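Shown next, in structure tokens, is the structure this report addresses.
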Amino acid sequence: MPPIPFPAPASTPAQAPLEAFVACAHQMLDPATPEALRRALEPRLLAQLPVLRALGVFRLFELRDPALRAWVDDELAALAARPAAR
């Protein structure tokens, strides 16, 4: 499965949170994606979690990849444990 193109942030308008999350996750799960690119995608993917959680996306959909699901679940738990910013 070829990776979904993920444009550079400075060259294109901002993506919707779900679109950005799916594009990052798709590339992170592709075995052909170089490790350096995976590391660069991690913060982009994580940046979408607060919005997607607020929208209830993770209550409606389940990530099928066990490793990605565990990682996102851990990050969501850490996000929930942080005190709310005022």
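Among the residues of region 52-75, those identified as part of a helix (DSSP H, G or I) and over 11 Å from the mean Cα position of the chain (by Cα) are ARG53, ALA54, LEU55, VAL57, PHE58, ARG59, LEU60, PRO66, ALA67, ALA70, ASP73, ASP74.
Would you confirm, using the coordinates I've provided, whether ALA77 is loosely packed, with under 13 Cβ neighbours inside 10 Å and in contact (Cβ under 8 Å) with a residue 12 or more places away in the chain? Talk me through it step by step, then tell me what you get.
Working: loosely packed, with under 13 Cβ neighbours inside 10 Å: yes; in contact (Cβ under 8 Å) with a residue 12 or more places away in the chain: no.
For ALA77, the condition - loosely packed, with under 13 Cβ neighbours inside 10 Å and in contact (Cβ under 8 Å) with a residue 12 or more places away in the chain - is not met.
All conditions but one from (1) part of a helix (DSSP H, G or I); (2) modelled with pLDDT under 95; (3) not aliphatic (A, V, I, L, M) apply to PRO5; the one that does not is (1).
Residue by residue, here is whether (1) over 28 Å from PRO2 (Cβ atoms); (2) in contact with a strand residue (DSSP E or B) (Cβ under 9 Å, 6 or more places away or on another chain); (3) surrounded by 14 or more Cβ atoms within 10 Å (Cβ to Cβ) holds:
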position	(1), (2), (3)
MET28	no, no, yes
ARG39	no, no, no
ALA54	yes, no, no
PHE61	no, no, no
ALA70	no, no, no
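The values are calculated or read from the model by the stated rules, or taken from the named source; none is laboratory data. Because the structure is predicted, anything quoted here is derived from the model rather than measured. Backbone-built Cβ (ideal geometry, glycine too); neighbour counts: all protein chains shown.
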